[in-house]
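Here the structure is laid out as structure tokens; the discussion comes afterwards.
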Amino acid sequence: MPVPSASASLNQTRTSSTGSSSSTTTGTASASPTCTAAASDESIENGDFENGLSPWSVDLVDIMSTHYGTDQPGADGSCNAFHVRMRRNSQSDDLRANLRLVSPMVAAPPSSRWTVSFWVRWATGDQDSYLNLFANYAVAHRVDATSSNWTRVAFPYTTGEDRNLQLVFSFVLGAASANEVWIDKVAMEVLGDVTSTSMGPVLAAATNSAGR
């Protein structure tokens, strides 16, 4: 399926000391054994996964060698994070993504400006693995696997003409034999005088163009 033109240009983040100029990253120490549940950013319902997975949904592409769930602890002292474990499977080498994590729909005015942020951690810094973050079917940001520490990613995003916004994290093992990735504290901060509301669970979006 062809990917519609993006309303924001593709940003790429390498979770190391050299990040994209259009995004910010903040490395932290490895996961702490303690956690503190905090009020989440309700621009995206349950973006910190403190209440499990709902109302997020999962499109599990590689059912033979990909496993997912919530894991403890999360990023920056939180209690939970979304976790994906991927391994090489010769029967699914042609897949462009192992799993897609789909956010609830967010009502966002057309042409509104946001800062989209999340925390990410990889099991190994194998640069063959990566994730693409889609916004309304178009790649808005990419993160390569280059660090096993929690890293905060933030980048600007401007909506198109649609009044609803949906984020899709597409996890790709690539040429690596195995890897794991954790996602936490997904949030959107509005820039300007607009408001947004979460619209609850929706069906998984089709993002078949999640490859390189």
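The values are calculated or read from the model by the stated rules, or taken from the named source; none is laboratory data. Just so you know, these numbers come straight off a predicted model, no measurement behind them. Here the Cβ is made from the backbone with ideal geometry for all residues, glycine too, and neighbour counts use every protein chain on show.
For the stretch 121-141, a tally of residues being part of a strand (DSSP E or B) and either of a type in the set (A, V, I, L, M) or touching a Lys or Arg at 6+ places or on another chain (Cβ under 9 Å) (or both) returns 9. If the condition is being exposed (fewer than 14 other Cβ atoms within 10 Å of the Cβ) and touching a helix residue (DSSP H, G or I) at 6+ places or on another chain (Cβ under 8 Å), then the stretch 51-67 contributes only 64.
Screening the stretch 161-194 for residues that are among the charged types (D, E, K, R) and touching a strand residue (DSSP E or B) at 6+ places or on another chain (Cβ under 6 Å) and picking the one that is surrounded by the fewest Cβ atoms within 10 Å (Cβ to Cβ) gives 189. Under the condition of being over 16 Å from residue 122 (Cβ atoms) and in a strand (DSSP E or B), the residues counted in the stretch 53-67 number 4. What about residue 70, is it over 19 Å from residue 126 (Cα atoms), modelled with pLDDT of 60 or more, β-branched (Val, Ile, Thr) and buried (at least 17 other Cβ atoms within 10 Å of the Cβ)? Considered against the rule, which asks whether it is over 19 Å from residue 126 (Cα atoms), modelled with pLDDT of 60 or more, β-branched (Val, Ile, Thr) and buried (at least 17 other Cβ atoms within 10 Å of the Cβ), residue 70 comes out as yes. I'd like to check something: does the stretch 86-96 contain any residue that is at pLDDT 95 or above, assigned to a strand (DSSP E or B) and either within 12 Å of the chain's Cα centre (by Cα) or closer than 20 Å to residue 182 by Cβ (or both)? Looking for residues that are at pLDDT 95 or above, assigned to a strand (DSSP E or B) and either within 12 Å of the chain's Cα centre (by Cα) or closer than 20 Å to residue 182 by Cβ (or both), one finds none in the stretch 86-96, hence no.
Report whether or not residue 151 is crowded, with 19+ Cβ neighbours inside 10 Å, hydroxyl-bearing (Ser, Thr, Tyr) and at pLDDT below 90. When the stated conditions are applied, residue 151 does not pass them. Look at (1) under 17 Å from the mean Cα position of the chain (by Cα); (2) part of a loop (DSSP other than H, G, I, E, B) and you find that residue 179 fails only one, number (2). Looking at the structure I just gave you, is residue 48 surrounded by 21 or more Cβ atoms within 10 Å (Cβ to Cβ) and of a type in the set (D, E, K, R)? Taking the combined requirement at face value, the residue satisfies it.
Pick out the one residue from 129, 103 that is at pLDDT 95 or above and either under 20 Å from residue 47 (Cβ atoms) or surrounded by 20 or more Cβ atoms within 10 Å (Cβ to Cβ) (or both). Working first, answer last.
Working: 129 fails: at pLDDT 95 or above.
After applying the criteria, what remains is 103.
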